[in-house]
Amino acid sequence: MKNKKIITLITLLLLCISSTYSSVVEKQKGHNAPNENRINFHLKDIPVKQVFTLIEHQANKNFIYISNESFLTNKISIDANNQTLEEVLNILKSKIPLDFKITENGILVKKISAIKNRRAQEKRTIRGAVIDENDLPILGANIFAPETNIGVVTDINGEFSITIPTTVKKLMITYLGYKSKEIALDENSTISLKLEQNASELDEVVITGQGAGVSKKRLSNHVETISAKDIENISSQRIDQLLSTKLPNAQINLTGGQAGSTSIIRARGINSAFLSSTPIFYIDGVRMDNLNTTSALGGGSSTGAAMSSIADIPMDNIDRIEYINGGAATTLYGSDAANGVIQIFTKKGSSNGTQITVSTSAGVVTPTTDFLYFDRTKDLLFKTGSYQKYNLSISGGNNDGFGYSFSGNYLNNTGVQIHDNNANEKIDLSTGFRAKIGKKINYKSSFIFVNNSYKRNRNGNQGGYTGLWFTESGASSNKGFNNRLDDLTSNEFEEIRAFVNKAEDLQDNQINVNRFITSQSFIYHPFSGFEAKFTGGIDSRIQNDQVIQTNEYLSHTSQRTVKAEGSINNVQRKYFGITLELNLQHKFNTGSYSFISTLGGQLFRNEDHQIQFNGSNIRDGAKTISGAAIKTSDEYLSEVLNYGLYVQENIGYKDRLFLDLGIRGDRNPSFGDNIGTQYYPKAGLSWVVSSEPWFSSSPIVNSLRLRSNYGLAGNLPPSFVNERTIDFDGFQGEQAAYFGQPGNPDLKPEKTTTYEFGLDASLWNDRVQFSVGYYNARTKDALFYVPPTPSSGFSKSQLYNVGEIENKGWEINTMFIPLKTENASLALNISVNTLDNLVVDAGGIAPFNINGFSARTIQTVVEEGYPIGYIRGNLGVFDANGVLESTTPQSYLGTTIPDLFGNMGINFNYKNLSIFANANYQTEAYANSFDQQFRFLYKASDDIVPEAEVIENGTSNWLNFTNLFTEKTDFLKVRTIGLNYNFIPKNNNSLKSMSLGFSVNNPFNFTSSSFDPEATISGSATGQGGASTGGISYATYSAPRQFITSLKFNF
Amino acid sequence: MKISFVYIALIVFTLTSCVDNPNVTEEVYLDTYNPDSSWTNGLKRQLALTMNQVVINSEMISDNYFNNYTLYSKVFDTPQIVFSDLDVNRTQVEIGALREMAEYGIEKVLPNNPEAKDSDWSYTYFSKAYALILAGENFVGLPDDNNAEAISSKDLLLKSLDFLDLAIEKESDTNILLVYKLLKARVYRSLGDSEFAKQFANDIIGHTDLLYNVTFDGTNGVMNEMQNATFTANENRFAPLPRLDFLDPKYYNEGTAISDQKPLAIVKAEEAYLILAEVYASENKIGDVKTILTNLINDVIVNRPVVLIDDSRELRNGSNREDYPTEAVDIRFDHDNPFESGYVLDRQADKILVYTVSGTKVTTMDINNITNQDEALYLIYRMRQEIFISEGRRSNDLGIKLPVSETEQLNNSNISDEFTKAVIPDFIPLNLGLDDFSVENDSGNISITNDMNKILVTNKTSSLILPFN
């Protein structure tokens, strides 16, 4: 109830501020000081005579007219926003039948005839097409007449049609990533335009982290933007796969080859020891489920290969992606954004007419066998699978602000595991709308529905039979097989093949996701320069995870007769999130100064409801638990509510020096009783040095900008963990109570304070783009799960704000264009990021495990003085003969966080043909091969351990020299190689264009480790709700290779 | 438009701005009707969880069982026990939970509920006493209160007596009263107080079927972990020392494991007989030792239920040693003894006999052959080992005690360094010697490397073991 009152008050306050603010602004503008060049006002229903007086006052020139003219009493509404006298008079002309002439003595006012006036009201239609440097049509370019605010966007053929008053003399053309162009209009009603790529991108407008649109040059931080065009070429199945090659300063590792498994996304290191480093995701302003809540009931086939909710996002209706990587950039997201924000904007239609696109992709998927120890594992577990995807997109719109887009997809991937144990089928539908509701309000909406079904293989540390553990780890010896697979006779091999084939065939693990996302926004423009935007939306995601173990499966894999142990385990996770945001932005220019003021409030409320229902002693063939002899169930509910207000001021001086200031205040019931509002301030400077008058423009340096900022962002504690609770369970048919959570009245979000500075430059006629930055991000009050003091009687860990974590490093990104001719271009890009991660202070608590097994085997640990998630295990020292001399338990064996990582890419275009490739790399991280350790234990391998030790002690010391199995995980992985050819038929009445593509995903891996350095988060459902740095390679599948051809038709 | 916009925003904001904790907070719980019964039942559940932790680790640390399972300790078999060890901490956490829950019951739950039954009071006092007993028997010392100073194992045991007396005061069930008395005898034995040990043990003699179990509940996830380790789990988690093979498993299930969880004895009449025998042995009353041990076999053990089960899937195919016997081979207790048969079972040949409460290969003839104190002590400790197998008592008999955990010391400034080192008597063989054996190439017969009962008797004057000597 208390919360309700606070929210109501805040809302009222916010709305009051918004209305009073706008009226204050109006008044201020009406009484602005005179300025010799610029005029500002916002007038409504004012007599013309009074308008003249105001203009005279501001322009310092008098009107010359006959004082009793009747038009002087006519009332008009007119806005002027830092405009010249000439511009204001032009606007005035469109409102009343007058003409003006500026003379030295004053402004001559002349009545014009009705005919002439009609002419001013006459309209003309301009048609044209916009193409890029390769003569390919640009879809979605904005064409608008700045004087009238009339605008349209180009369709799929780059064509547009705009109807404007005949008085309009120029058109502006803008498109993300391209230089804006201004066209002076003449008598021609058809124009053709070629846009050049904008290397500096400083004028590009971004929204994420700002509330409303602000050009990049005004920001003191870096905002990465990915356009629809960038997305089109890459045949990624998932958005994180796409981002892994497109975000120069973030590292996205594909942690497993199972369909839908999670990825580790980290930008500026690991700033939290309790939360996954996955950024928060927004679609059209609505916060999405990114599975950053605990998998409280565990179980299911996601165990050992955590799910990714990012894998659900449809790829075919994305207009733009913006990414900010923490620090000052994310301050306006407050308590929830220390890991950065990725915002996806969906398409909302094109201009006139209807465009239809039909595309299909098909190909084969093959297993990545590079890391298999035994050659024959491939024959036991894998096959070549097929991939197919079909897409239908329809979009359209008109010149009155209406637009729509629809995209439907069907994807079927059989996967590379025998019996289709890793198949994925996905259907998604998405729509986008925009419409003008009246003169001042625009409406935008998007709807997305996804149905995603996965088959899952038993994976990692799931116990019992798992395919990779059985084959690669040598565990087949437990079932009486010779585990040295490559040494088997053909008869022996056929025996084990029969065993594995049946074991795989009898597995039945299924995950099904149904998801619905919608965003609704209203944008209100009461007057020029002011915008109020309300966004509301929901994300509803239901994941059903089912594992069926039949008696036949158990009998086969345990080699004993099992009659009454068949079971079905179901875990359902229902996520429902609501996001509401109100944002007010006012842009105001005066003299050399420009101001962008932003005020907003945001609320999000997430509900994570998990239900487990299991049946055991169930007859083979049953698919539901209704026939089980024993049924059990459990439930978990978590609700997060966070609400905050933010205010921001961006001040520009002469369009080259910008000061960015802002603060957000957050409240949340998850904070302890002793904790009030949490504040997140930011301050930054952006200086476009190349715009300084003294900066002589040269072909060597085209643009140069320096930026620096300071800002805070937070990570929220999970809901309700601040409260002391009693837990209950059934025991012997009655209720049993016991201590639950110890509680912490001082619980608050952890806050990451980031200082950064950087330089962005464009050199040699934009042939070289260079960006370099340094950041230092320190998480104070870091939330650590403090293990319970045994004497306290509590057995659950409790979150306390006791830690301090530091991440610092350089972020360098460059792009070279060594070749640029009329027909051909070649572009190369490379990013280099250094990372230094350290737990500065652990608050005196014992080292704790985040992503490993038990202390006696191997763990990834958080400990003061070490990087987060370093590998800790037993360190063995051998004598001269190679016999184990001593072992030191719980020793440092290596960090799991690389100190250098980045992307590289090449893009070659020749006429309509483009060829591209990209890769990721990292160095100086380590991981343990638990597979190798098991191979030693099960005597499946003679590698690594000295022979003398084996003779002396057999395999009994297998866990006492874990250091032998820990390897450096440097890698260079080529993610995609592909080509695209665009064909535009001469007669394009029906078929407007066609494109043909071929790409290979994950073609080459160059690694220093004997195992896949990315497939290292086995152990549990980590990556979901918990910090995870990888580090243990154990029975985890590698991402498969895909060879895909695609064909796209535009009608 | 503006106004409706404001109202819509207001309504939506308000409707979405409230969350309530779905869990029961402490305040709410104490306010509910009759919390005492759920708290007492919670203590029973906690006792089961505590025993799981104590039993698994004690069996592993001792010469009873060898661990093959990755998720159990890989160093307790050595035995290697350090204060930073996860299992040291876990054991302490579970004992601490039992003690603090009992304390919370005594301080908050029961006093706030005038309708609380005497039996609830009695069980709560017993829980506190038993937590202190487990602490005293298994640890060098532990805090006896939240964040308190650690007190010695002896002081913990002395404190437990106070709470046993309080439990007795509130208890009316005569059978339960006997249980508490036997526990007092056990504590006095541990303290080396032969007079009181004898007095309370004597109260039990004649009550030959006295048995007090900890119960489990598979449906609610509280499984008997020893049953899992020795019978249910597909892998061979625990392998017994071959001379104890005939006693494995003590717990088993028919049908699904979750619906058939066997109880674990924490108090049984056998102990009174063994305590008395040990007192008599220390007094050199060999005749009395013989009598009481013979009675133990004839009056108590033979009446304990035994069943035949199919254990043919037990292949002892553990990953650390492949030479565990799976056929009925002979064994000898150490290299100085002759080979004997009947100790190792052929589980594939036929159903096997399971001693659900107590079993031993010691015969009345062996007892009759006792001629001196050492022989008496040897048989008493062998019988203690066999009778209490899978009940978590053996590591205490070997004099091994766990240290206070690192987590306790880091979070609790009252822990001095003296309590952070484990006690492992110097006669305990290290480097896996407790569980070691060798196999003869031809016959497959087995020689146990160390007969720990013999070693105990040899070192009987050590203050760490054999409390009456």
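The values are calculated or read from the model by the stated rules, or taken from the named source; none is laboratory data. What you see is a predicted model; the values in this text were computed from it and never measured. No Cβ is skipped: glycine too gets one built from the backbone with ideal geometry, and neighbour counts run over all protein chains shown.
Computed values, structure above
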quantity: Flag if residue B:413 is among the small types (Gly, Ala, Ser) and either crowded, with 20+ Cβ neighbours inside 10 Å or at pLDDT 95 or above (or both); calculated: no
quantity: Check on residue B:84, touching a helix residue (DSSP H, G or I) at 6+ places or on another chain (Cβ under 9 Å) and part of a helix (DSSP H, G or I); calculated: no
quantity: Considering residues of the range B:237-280 that are among the small types (Gly, Ala, Ser) and touching a residue at least 60 places away in the same chain (Cβ under 8 Å) only, the residue farthest from the other protein chains (Cβ to nearest Cβ); calculated: B:277
quantity: Answer residue from the range A:529-573, given it is of a type in the set (Gly, Ala, Ser) and part of a strand (DSSP E or B) and is farthest from residue B:316 (Cα to Cα) among those; calculated: A:532
quantity: The listed residue being within 14 Å of chain B (Cβ to nearest Cβ) and of a type in the set (Gly, Ala, Ser), out of A:762, A:797; calculated: A:797
quantity: The range A:444-497, residues that are outside any loop (DSSP other than H, G, I, E, B) and aliphatic (A, V, I, L, M); calculated: A:448, A:450, A:468, A:475, A:485, A:496
quantity: Set A:871, A:812, A:805: member being over 20 Å from residue A:1026 (Cβ atoms), more than 14 Å from chain B (Cβ to nearest Cβ), among the β-branched types (Val, Ile, Thr) and part of a strand (DSSP E or B); calculated: A:812
quantity: Subset of the range B:213-224 [surrounded by fewer than 24 Cβ atoms within 10 Å (Cβ to Cβ), outside any strand (DSSP E or B) and at pLDDT 95 or above]; calculated: B:215, B:223
quantity: Residues of the range B:373-395 satisfying the condition of being buried (at least 23 other Cβ atoms within 10 Å of the Cβ) and among the polar types (S, T, N, Q); calculated: B:385, B:390, B:395
quantity: Failed criterion for residue B:176 (all others in (1) within 14 Å of chain A (Cβ to nearest Cβ); (2) of a type in the set (A, V, I, L, M, F, W, C); (3) under 22 Å from the mean Cα position of the chain (by Cα) hold); calculated: (1)
quantity: Of all residues making up the range A:935-954, the number that are surrounded by fewer than 19 Cβ atoms within 10 Å (Cβ to Cβ) and not in a helix (DSSP H, G or I); calculated: 6
quantity: Complete set of residues in the range B:57-80 that are closer than 16 Å to residue B:423 by Cα and more than 16 Å from the chain's Cα centre (by Cα); calculated: B:75, B:77, B:78, B:79, B:80
quantity: Residue check for residue B:293: surrounded by fewer than 16 Cβ atoms within 10 Å (Cβ to Cβ) and aliphatic (A, V, I, L, M); calculated: no
quantity: Residue tally, condition within 14 Å of chain B (Cβ to nearest Cβ) and over 31 Å from the mean Cα position of the chain (by Cα), over the range A:662-697; calculated: 1
quantity: Residue in the range B:300-319 that is farthest from the other protein chains (Cβ to nearest Cβ), counting only those that are within 25 Å of the chain's Cα centre (by Cα) and in a loop (DSSP other than H, G, I, E, B); calculated: B:304
quantity: Residue check for residue A:572: more than 14 Å from every other protein chain (Cβ to nearest Cβ) and either out of contact with any Ser or Thr (no Cβ under 8 Å at 6 or more places or on another chain) or over 28 Å from residue A:259 (Cβ atoms) (or both); calculated: yes
quantity: Looking only at the range A:874-902, and only at residues there that are of a type in the set (Ser, Thr, Tyr), part of a strand (DSSP E or B) and within 27 Å of residue A:809 (Cβ to Cβ), the one that is farthest from the other protein chains (Cβ to nearest Cβ); calculated: A:892
quantity: Any hit, the range B:419-441, residues being part of a helix (DSSP H, G or I), within 30 Å of residue A:786 (Cα to Cα) and within 14 Å of another protein chain (Cβ to nearest Cβ); calculated: yes
quantity: Residue tally, condition in a strand (DSSP E or B) and more than 10 Å from every other protein chain (Cβ to nearest Cβ), over the range A:624-641; calculated: 1
quantity: Which listed residue, of A:523, A:596, is more than 30 Å from residue B:314 (Cα to Cα), in contact (Cβ under 8 Å) with a residue 24 or more places away in the chain and crowded, with 21+ Cβ neighbours inside 10 Å; calculated: A:596
quantity: Matching residues in the range B:74-131 - criterion: being among the charged types (D, E, K, R), surrounded by fewer than 22 Cβ atoms within 10 Å (Cβ to Cβ) and more than 10 Å from chain A (Cβ to nearest Cβ); calculated: B:107, B:108, B:115, B:117, B:118, B:120
quantity: Among residues of the range A:390-415, those that are outside any strand (DSSP E or B) and out of contact with any helix residue (DSSP H, G or I) (no Cβ under 9 Å at 6 or more places or on another chain), counted; calculated: 6
quantity: Selected residue (criterion: farthest from the other protein chains (Cβ to nearest Cβ)) from residues of the range A:704-744 that are small (Gly, Ala, Ser) and surrounded by 22 or more Cβ atoms within 10 Å (Cβ to Cβ); calculated: A:711
quantity: Residue list for the range B:132-147, filter: part of a helix (DSSP H, G or I) and either free of Cβ contacts under 8 Å to residues at least 12 places away in the same chain or out of contact with any strand residue (DSSP E or B) (no Cβ under 9 Å at 6 or more places or on another chain) (or both); calculated: B:133, B:134
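Every residue, every condition in (1) touching a Lys or Arg at 6+ places or on another chain (Cβ under 7 Å); (2) within 14 Å of chain A (Cβ to nearest Cβ), yes or no:
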site: B:146; (1), (2): no, yes
site: B:157; (1), (2): no, no
site: B:163; (1), (2): yes, no
site: B:190; (1), (2): no, no
